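Below is one structure, written out as structure tokens, with a few remarks after it.
The values are calculated or read from the model by the stated rules, or taken from the named source; none is laboratory data. What you see is a predicted model; the values in this text were computed from it and never measured. In this analysis, Cβ positions are derived from the backbone assuming ideal geometry, glycine residues included, and neighbour counts consider all displayed protein chains.
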Amino acid sequence: MDDPDFREFVEARYGDLLRTAYLLTGGRDAAQDLVHEALLKTMRHWRRVDEPLAYVRRAMVNERTSVWRRIGLRERLTAAVPDGPGPDTTDGVAVRDELLAALDRLPVRMRTVLVLRYWEDLPEAEVAAVMGCSVGTVKSQAARGLTRLREVLAPGGHVPGELTRGRA
């Protein structure tokens, strides 16, 4: 298929989709695979897709959920180095790495809600539509997820500003 609209969409949104996929998977290669799978599914139905970005996000969430169900916890990749970050590591990188490691410990739904709600900055209703659940589920998973992150990340219960972007 050589649809110029699809090509334009991919060129414009690939970076955003890859970032979301990385947050969902925790690994660069797995993120690329996830985006490619979602784009293949989208390409097959491109002419019938009204909201391409929402459709691809939904395809990524569904695909990642299927992978989690298939492999469970058998496959666990980590970027943590036993010695810790080097002296030239900036605080922002260290915080990001700590946050990604904490996200990796959350259940699938909770992690997905936090990624879509706070990194993608989607409204609760859109997150619910992407995940195929109720707005109430999104709210409760977000609240529980933030609470778990607070417990893991800091003894004082502070979640870094990059996650919440001013939200409670």
Criterion: within 16 Å of THR112 (Cβ to Cβ) and small (Gly, Ala, Ser) - qualifying residue of ALA38, ALA12: ALA38
Of residues in the range 103-115 being aliphatic (A, V, I, L, M) and more than 9 Å from LEU23 (Cβ to Cβ), the one surrounded by the most Cβ atoms within 10 Å (Cβ to Cβ): VAL113
Could you check the range 1-108 for helices (runs of 4 or more DSSP H) lying wholly inside it with 2 or more residues that are among the aliphatic types (A, V, I, L, M) and modelled with pLDDT of 90 or more? 4-25, 28-44, 52-71
